[in-house]
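Notes follow the structure.
The values are calculated or read from the model by the stated rules, or taken from the named source; none is laboratory data. Predicted model, so just to flag it, every value in this text is computed and none were measured. All Cβ positions, glycine included, derive from the backbone under ideal geometry; neighbour counts span all protein chains shown.
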Ligand code: ZN
């Protein structure tokens, strides 16, 4: 009796051990399968499936991606099992993980073949801030709506550049819709040491066969659009104390006749000063297209012009005909001017007036500035007489006009002030280019040459 009991006890222990072993094996199998969600290949007589995702080992992020992959997989397998044709269905999931400043950028592409002419492609991105444990969108990086609009203009410009190089014709409607400043259009992006890369997926702008477009925007161009914490500090060092210009309320000029006076070839400590002294009487603000080579010798007057609410644009460094320059020369004409202005005012000019009005698409793509020409030429350098200059301007005046004058001649400056006096009587107001476009609800692009508004 006792003996039998003992045997039974041993048996019980054995059974318990056996159960534990079976449980461990089952658990290992389960664990293995569970761990394989991110990396697997399945082949059946109806379909092939391959999944590759490199785990970040950040649970919240990996869980999100797992959920996405598994739901896609389930949907595919359900469809594939109903497949009665000889076509092998296919499922390929691939992803790229990039990390920059503790933010993970995951862009995945899922190709599915479910019969038909070609594969279907679905792009999915996850941007995850591992410090604050938060998923992010482009809106978390870009400062506001205006900046988002600027980003879309830059993107457009880069895409045109891409299509130029690759000789791809771009449908204007696709371009406009595909670059609109919306979350969907800017879902796929990542940051790196050099700036932001944005991916425009097939069918967003180009056709399926032409594929995706990847554009790189360096910090030089995007830094000012980013929220402070995402700015690349290397590009904000060395900025002089920013001068805070007077910003006037332009509401009262709405529905008024507007003229933008623009002054080229300056600044000049003497003649520009006469102009600035006279502007107040006509409640006028104007735009200066300055030469980089003259900026440092006339620093004080440039600061005053800017501080008083006038606009400063570039007229290049040395006033050469841009059409005759190599790309290297062009870049130095543009960059040196912008640097000179930034060193004094702390801002990058957004507007450019090409010398002689000479510019083409290629130059515009290099400069990435808004090209402003004119529709009223005062011919001041020819007349050298204040009354003739005044007459020339008044005779051609119209709402939305851009007037060309040179503030390096005293007669030109006096002629402009006389013209303002006359035009004021006719109900005109005098605004900068930026004020003009705001009042007329215009958003400048990088491709157009503006002669008036
Ligand atoms: Zn000029």
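The table for this structure:
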| read-out | value |
| --- | --- |
| Wholly enclosed helices (runs of 4 or more DSSP H) of region 322-432 bearing at least 2 residues under 28 Å from residue 243 (Cβ atoms), at pLDDT below 95 and within 16 Å of the ligand (Cβ to nearest atom) | 327-345 |
| Number of the exception - residue 342 against (1) crowded, with 19+ Cβ neighbours inside 10 Å; (2) out of contact with any helix residue (DSSP H, G or I) (no Cβ under 6 Å at 6 or more places or on another chain) | (1) |
| Residue within region 303-313 that is touching a strand residue (DSSP E or B) at 6+ places or on another chain (Cβ under 6 Å) and within 16 Å of the ligand (Cβ to nearest atom) present | yes |
| Among residues of region 100-119, those that are farther than 16 Å from residue 41 by Cβ and surrounded by 15 or more Cβ atoms within 10 Å (Cβ to Cβ), counted | 8 |
| Residue within region 120-129 that is surrounded by fewer than 17 Cβ atoms within 10 Å (Cβ to Cβ), in contact (Cβ under 8 Å) with a residue 60 or more places away in the chain, closer than 19 Å to residue 219 by Cβ and in contact with a strand residue (DSSP E or B) (Cβ under 7 Å, 6 or more places away or on another chain) present | no |
| Residue list for region 436-453, restricted to those being part of a helix (DSSP H, G or I) and either in contact with a strand residue (DSSP E or B) (Cβ under 8 Å, 6 or more places away or on another chain) or within 16 Å of the ligand (Cβ to nearest atom) (or both) | 436, 439 |
| Considering residues of region 174-186 that are in a helix (DSSP H, G or I) and in contact (Cβ under 8 Å) with a residue 24 or more places away in the chain only, the residue nearest to the chain's Cα centre (by Cα) | 179 |
| Residue match in region 106-121 (condition: touching a helix residue (DSSP H, G or I) at 6+ places or on another chain (Cβ under 9 Å) and closer than 16 Å to residue 365 by Cβ) | no |
| Single match in 244, 251, 212 (criterion: over 17 Å from the mean Cα position of the chain (by Cα) and over 30 Å from residue 431 (Cβ atoms)) | 212 |
| Selection status of residue 72, outside any strand (DSSP E or B), buried (at least 17 other Cβ atoms within 10 Å of the Cβ) and on the phi < 0 side of the Ramachandran plot | yes |
| Residues (buried (at least 17 other Cβ atoms within 10 Å of the Cβ) and out of contact with any helix residue (DSSP H, G or I) (no Cβ under 7 Å at 6 or more places or on another chain)) located in region 183-201 | 187, 188, 190, 191, 197, 199, 201 |
| Residue selected from region 149-173 under the condition free of Cβ contacts under 8 Å to residues at least 60 places away in the same chain and over 15 Å from residue 215 (Cβ atoms), by the criterion surrounded by the most Cβ atoms within 10 Å (Cβ to Cβ) | 171 |
